[in-house]
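Participant: Once you've had a glance at the structure underneath, I'll fire off some questions.
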Amino acid sequence: MTNGMPEASAQLAAIGQRFYARGWVMGTAGNFSTVLSREPLILAMTSRSVNKGTLTNEQIIEVDGRGMPLDEYRGKAQQSAECLLHIEIVRRRGAGSVLHTHSIWSTILSDHFASRGSIEIEGYELLKGLSGITSHESRELVPIIENDQDMTKLSARLGDVLAEYPAAHGVLLRRHGLYTWGDTPDVAERHIEVLEFLLEAVGRSLSLRQQETTYGTLENT
């Protein structure tokens with residue numbers, strides 16, 4: 001077991017339980033990772049198809065830079081199908097932790113705005129909860145990429161998008177959910193909370209505008 005694994009396992013399990021309670025990782029959705037070593041690259045990561053509401057330390061495994069479980073975990077648990085996406089973010093962003101949620105709003109809005117390629121968020125005070133942002137007047141672009149069951153192809157596409165949007169704090173997979181990251185699990189969790197709030201605010205505002213347009217049209221007929 002790599003040094004730091006017990007602490008990382010406990011932290012990721014607790015994050016999973018908190019996210020489940022907030023409706024962001026229902027069923028077996030979502031996956032989380034923390035970097036244990038850079039050279040060689042080793043991640044602590046949630047194993048495949050586990051319920052995050054009852055996530056335990058034992059359901060966190062160690063994977064290498066190819067996304068394969070280390071020897072002591074082989075045969076005991078399967079690695080997440082999305083390991084390669086975590087590894088791509090860690091390498092491209094120098095992240096210390098990557099978290100992935102499947103909330104209602106991230107799923108809906110990633111589909112609604114897919115043709116635009118990103119969601120533009122500005123004017124919200126909570127933007128300052130994202131690392132490096134100091135004003136509500138900032139603009140956050142959250143890119144959207146098409147989902148794919150071929151993880152090698154999807155991770156390459158994700159790498160291209162991360163290069164295209166160097167200031168982005170998160171990425172949406174269409175009809176799938178949100179990926180974000182941070183230097184530590186605490187920072188990554190904060191980014192999830194901020195982005196999930198902002199996505200819900202955008203979604204609810206859009207819904208209200210549509211209702212006002214509809215009711216206004218009816219009142220004028």
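Participant: Within the set of other residues whose C-beta is less than 11 Å from the C-beta of Arg174, count the net charge using Lys and Arg as +1 and Asp and Glu as -1.
Facilitator: The answer is -2.
Participant: Moving on to the next point. Rounded, prolate or oblate for the range 78-139? Axes are the square roots of the Cα gyration tensor eigenvalues, ordered a ≥ b ≥ c, and the cut-off for rounded is a/c under 1.5. Numbers along the way, then the final one.
Facilitator: Working: a/c = 2.27, a/b = 1.34, b/c = 1.69.
Oblate shape, in that a/c is at least 1.5 and b/c is the bigger or equal ratio.
Participant: If I model a spin label at Met68 and Ala156 as a point 7 Å from the Cα along the Cα→Cβ vector, what separation in nanometres do I get?
Facilitator: Each label point lies 7 Å from its Cα, and together they span 2.0 nm.
Participant: For the range 123-194, what is the convex hull (Cα atoms) projected area averaged across all directions, in square nanometres? Walk me through the intermediate numbers first.
Facilitator: Numbers: hull surface 20.7 nm².
With the hull built on Cα positions only, its mean projection is 5.2 nm².
Participant: How many nm is it between the label spots at Thr2 and Asn147, if each spot is 7 Å from the Cα in line with the beta carbon?
Facilitator: Roughly 2.8 nm, to one decimal.
Participant: Once both axes come from the Cα atoms, what is the angle between helix 185-219 and the longest principal axis of the chain, in degrees from 0 to 90, rounded to 10?
Facilitator: 20 degrees
Participant: Let me ask something else. Can you match Cα extents along the principal axes in Å to one of these, (i) 93, 36, 26; (ii) 70, 32, 32; (iii) 58, 45, 34, based on a calculation from the structure here?
Facilitator: (ii)
Participant: Using the Cα centre as the reference, give the magnitude of the dipole from point charges on the C-beta atoms of the range 1-104 (Lys, Arg: +1; Asp, Glu: -1; all else neutral), rounded to the nearest 20 debye.
Facilitator: For the range 1-104, the charge dipole is close to 340 debye.
Participant: Restricting to DSSP H runs of at least four residues, report the calculated mean residue ellipticity at 222 nm for the chain, -39500 (n - 2.57) per run over all residues, nearest 500 deg cm²/dmol.
Facilitator: The per-residue figure over the chain is -13000 deg cm²/dmol.
Values in this text are rule-based calculations from the coordinates and carry no lab data. Please read these numbers as outputs of a predicted model, since none were measured by experiment. Cβ sites come from the backbone with ideal geometry, for glycine too, and all protein chains shown count toward neighbours.
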